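The values are calculated or read from the model by the stated rules, or taken from the named source; none is laboratory data. As the structure is a computational prediction, the values presented were derived from the model and not from experiment. Cβ placement follows ideal geometry from the backbone for every residue including glycine, while neighbour counts extend to all protein chains displayed. Areas reflect the complete protein model, heavy atoms only, side chains present, ligands, DNA and RNA absent. Shrake-Rupley method; radii C 1.70, N 1.55, O 1.52, S 1.80 Å.
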Amino acid sequence: MIYAVAVFAPLVGSVISGLFGRAIGDRAAELTSILCMVLAAVCGAVAFADLVWGGATPGVVPIASWFDVGGFRAPWALRYDTLAAVMVAMVTLVSTLIHIYSVGYMAHDEYPTYRFFSYLSLFSFAMLMLVTADNLAQLFFGWEGVGLASYLLIGYWYDRPSACAAAIKAFVVNRIADLFFVIGIALTFFRFGSIELSTIFAAVPSHMSDSYVLFGHNYRSLEVIGVLLFIGAMGKSAQIGLHTWLPDAMEGPTPVSALIHAATMVTAGVFLMARMSPVMEAAPIAKEIVVVVGASTALFAATVGCTQNDIKRVIAYSTCSQLGYMFIAAGVGAYQVAIFHLITHAFFKALLFLGSGSVIHAMSGEQDMRKMGGLWRKIPYTYAVMWVGSLALAGLPIFAGYYSKDAILEAAFSAGSAAARYGFVCGVAAAFLTAFYSWRLLFMTFHGESRAEAHVLAHVHESPPVMTVPLGVLSLGAIFSGMGFRDLFIGSGWPHFWRGSIVNAAGNNVLEAMEKVPATIGTLPVVMGLLGIVLAYAMYIAMPLLPNILARTFRPVYLFLLNKWYFDELYDAIFVRPGFALARMLWQVADATIIDGVPNGVASLATESSAQAVKLQTGSIAVYAFTMLIGLVALLSIFLLLR
């Protein structure tokens with residue numbers, strides 16, 4: 001019962017706020033949404049504690065019968081195991097803090113806020129449905145639910161063309177990935193005869209040698225399914241190639257950015273890999289693809305983050321990079337490490353986004369770091385929490401990111417395969433770049449001479465308590481969640497903790513091998529992080545003219561990174577403009593000229609003929625008599641000619 005309340009309480013808040021918000025008012029709608037989220041967070045924490053320490057037994061909480069057609073059966077039930085309980089506890093806690101923060105951030109918004117809070121709660125509910133799914137249909141329901149909610153939230157300020165375009169872009173890019181996900185679900189059903197997770201997982205060993213014939217070649221069924229599921233995950237988790245929607249999602253309000261990038265949506269792909277670990281463990285080629293794509297994403301996004309000037313976009317590319325780390329861990333079979341980093345990342349990334357929102361709030365909506373500087377004296381609390389978030393992101397000791405990021409690189413190093421070594425090298429390089437762009441953000445925003453306009457600088461102030469208190473709570477998570485959860489998630493007792501909710505196949509000893517890596521491997525990320533901080537200090541504090549000099553000297557490289565490797569321009573040239581040209585041709589030629597033109601032409605001919613025939617009806621008896629005479633003469637002439 002408690003577990004079900006944790007999942008459905010946000011839905012109740014969303015329905016009340018959305019349907020009755022206009023009647024009860026914004027404040028009542030906000031309070032309702034927050035109270036429902038607080039209830040969900042408390043129940044989620046209790047359900048997690050009861051499962052881990054209270055002796056509760058993993059199982060399934062039945063809700064209702066959903067699909068039962070022929071051989072296709074999909075009941076609506078909540079899966080109650082360690083993986084689901086961890087995700088429910090994290091999602092409800094972080095979402096609750098974001099709801100509370102939003103009261104202050106959206107206080108002066110021109111739109112009624114009941115709609116915003118309804119969307120936030122709906123987003124949280126969809127994510128909870130996803131992580132508690134007991135079958136692939138229910139998982140896909142939550143999957144599409146977060147997609148819908150993200151569309152509504154990214155385009156919340158619908159009077160801004162850029163927000164509407166970003167919402168459509170997020171929706172379309174995710175639909176591309178979701179097509180592969182749906183095909184993967186369909187192939188899973190055809191192969192296993194079921195979409196219930198327990199049935200699928202139990203049947204994996206008996207289908208190890210099954211194959212599909214694609215394009216004249218035989219491919220192992222589990223490899224095909226694994227690749228398709230991963231492509232679906234690439235869209236939600238913004239991996240390279242399907243990442244372009246994520247930076248544009250910054251057009252939504254900052255709490256939306258925090259919710260999408262920290263607790264919901266983007267983590268769905270990583271969760272999917274962990275949930276489907278029994279299938280992925282039987283698909284080694286698919287796992288190598290996961291590692292290569294994740295590693296490439298981690299490095300790519302880190303390079304782009306070094307040149308962005310919008311404070312939220314820097315953190316957005318940081319999210320993209322950190323998701324790449326998680327996929328490196330999942331690809332080498334260390335799913336537990338991936339979830340560990342997912343949890344720690346949720347705290348420090350939500351902290352960074354909400355901290356940036358506090359900066360934007362103080363700067364009257366300004367997001368360009370080039371127009372900031374010297375803010376640490378005016379907003380010291382925000383400055384302090386941004387330091388905490390940055391230290392956790394950079395992976396420096398005692399902070400949360402240190403434990404989880406270090407574990408990812410140790411897992412990649414110990415896995416031993418070529419793909420894993422590639423992941424390790426990219427991860428180490430990304431660690432250096434992560435520290436660099438994190439401190440670049442801090443130095444450009446809070447240090448040096450102020451570059452803000454005078455009227456903006458005059459109104460800079462610290463955020464109200466309703467915004468700063470959630471920042472303080474998230475700071476505690478960014479500091480202590482790593483050391484607090486490390487032993488549970490990946491310590492020697494991890495089999496007892498996870499209780500089979502994540503599966504490591506026989507021969508996958510990556511968690512044990514991590515404990516035997518050389519000490520230098522564990523210290524390498526810290527060293528790279530410190531070097532990144534030193535470089536950022538040298539470029540933006542000690543020698544502030546150096547970045548401009550380097551940008552001019554290496555202008556092609558700078559523009560390449562500033563324009564995000566030209567992915568958007570490339571897609572525009574390959575897909576968008578040809579797509580519009582094809583649509584225009586189909587509209588103007590096929591539709592307007594042929595489909596509408598032919599019947600419209602016949603109709604026009606009949607209309608014109610009728611219009612001309614009407615002119616013969618003059619009302620003059622003399623004209624009628626003359627016409628009859630001409631007709632008679634014509635008839636006699638034809639008769640005589642035919643004889």
Inset, instruction - With the condition kept exactly as written, say whether any residue in segment 528-546 is open to solvent by 90 Å² or more (accessible area, probe 1.4 Å), hydrophobic (A, V, I, L, M, F, W, C), closer than 30 Å to residue 132 by Cα and in a loop (DSSP other than H, G, I, E, B). - result: no
Legend entry - Tabulated pairs, segment 378-397, first over 25 Å from residue 528 (Cβ atoms), second assigned to a helix (DSSP H, G or I) and open to solvent by 10 Å² or more (accessible area, probe 1.4 Å), C-beta under 6 angstrom, 6+ apart or interchain: 381/468
Legend entry - Cross-chain or 6+ apart pairs with Cβ under 7 Å, segment 553-566 first and in contact (Cβ under 8 Å) with a residue 40 or more places away in the chain and hydroxyl-bearing (Ser, Thr, Tyr), then in a loop (DSSP other than H, G, I, E, B) and surrounded by 12 or more Cβ atoms within 10 Å (Cβ to Cβ): 558/307
Legend entry - Options 583, 551: the member that is over 27 Å from residue 316 (Cα atoms) and assigned to a helix (DSSP H, G or I): 583
Inset, instruction - Can you tell me which residue among 171, 201, 180 is open to solvent by 10 Å² or more (accessible area, probe 1.4 Å), farther than 30 Å from residue 567 by Cβ and aromatic (Phe, Trp, Tyr)? - result: 201
Inset, instruction - Inspect segment 107-114 for any residue being under 27 Å from residue 362 (Cα atoms), at pLDDT 90 or above and in a helix (DSSP H, G or I) and give the result as yes or no. - result: yes
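This table checks each residue for (1) at pLDDT 85 or above; (2) open to solvent by less than 50 Å² (accessible area, probe 1.4 Å); (3) assigned to a helix (DSSP H, G or I).
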residue	(1), (2), (3)
456	no, yes, yes
469	yes, no, yes
472	yes, yes, yes
479	yes, yes, yes
483	yes, no, yes
500	yes, no, no
508	no, yes, no
512	yes, no, yes
517	yes, yes, no
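Need at least 2 residues that are open to solvent by 10 Å² or more (accessible area, probe 1.4 Å) and either out of contact with any Phe, Trp or Tyr (no Cβ under 9 Å at 6 or more places or on another chain) or closer than 19 Å to residue 136 by Cβ (or both) per element, so show me which helices (runs of 4 or more DSSP H) inside segment 218-321 make the cut, counting only ones lying wholly within it. Break it down into steps so the answer makes sense when it comes.
Numbers: elements: 221-236, 245-248, 254-258, 268-275, 277-280, 284-305.
Counting at least 2 such residues, we get 221-236, 284-305.
Any residue at all in segment 125-147 that's closer than 30 Å to residue 198 by Cβ, among the hydroxyl-bearing types (Ser, Thr, Tyr), buried (at least 20 other Cβ atoms within 10 Å of the Cβ) and within 14 Å of the chain's Cα centre (by Cα)?
Checked segment 125-147: no residue is closer than 30 Å to residue 198 by Cβ, among the hydroxyl-bearing types (Ser, Thr, Tyr), buried (at least 20 other Cβ atoms within 10 Å of the Cβ) and within 14 Å of the chain's Cα centre (by Cα).
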Legend entry - Matching residues, segment 567-589, being open to solvent by 50 Å² or more (accessible area, probe 1.4 Å) and in contact (Cβ under 8 Å) with a residue 24 or more places away in the chain: 571
Inset, instruction - Give the number of residues within segment 183-198 that are open to solvent by 50 Å² or more (accessible area, probe 1.4 Å) and part of a loop (DSSP other than H, G, I, E, B). - result: 0
Legend entry - Unmet requirement for residue 26, which otherwise passes all of (1) open to solvent by 60 Å² or more (accessible area, probe 1.4 Å); (2) farther than 29 Å from residue 58 by Cα: (1)
Legend entry - From the options 432, 424, 443, residue that is buried (at least 22 other Cβ atoms within 10 Å of the Cβ), aromatic (Phe, Trp, Tyr) and out of contact with any Pro (no Cβ under 8 Å at 6 or more places or on another chain): 424
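Going through 39, 19, 35, 31 one at a time, which residue ends up being in contact with a Gly (Cβ under 8 Å, 6 or more places away or on another chain) and open to solvent by 60 Å² or more (accessible area, probe 1.4 Å)? Let's see the steps before the verdict.
Working: 39 fails: in contact with a Gly (Cβ under 8 Å, 6 or more places away or on another chain); 19 fails: in contact with a Gly (Cβ under 8 Å, 6 or more places away or on another chain); 31 fails: in contact with a Gly (Cβ under 8 Å, 6 or more places away or on another chain).
That would be 35, the only listed residue that is in contact with a Gly (Cβ under 8 Å, 6 or more places away or on another chain) and open to solvent by 60 Å² or more (accessible area, probe 1.4 Å).
Which ones in segment 322-347 are outside any helix (DSSP H, G or I) and not β-branched (Val, Ile, Thr)? Talk me through it step by step, then tell me what you get.
From segment 322-347, those outside any helix (DSSP H, G or I) are 332-334; that's our starting set.
Of everything in segment 322-347, those that are outside any helix (DSSP H, G or I) and not β-branched (Val, Ile, Thr) turn out to be 333, 334.
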Legend entry - Breaking point among (1) hydrophobic (A, V, I, L, M, F, W, C); (2) within 17 Å of residue 321 (Cβ to Cβ); (3) at pLDDT below 90, for residue 426: (3)
Legend entry - Hits in segment 547-566 - residues which are open to solvent by 60 Å² or more (accessible area, probe 1.4 Å) and on the phi > 0 side of the Ramachandran plot: 565, 566
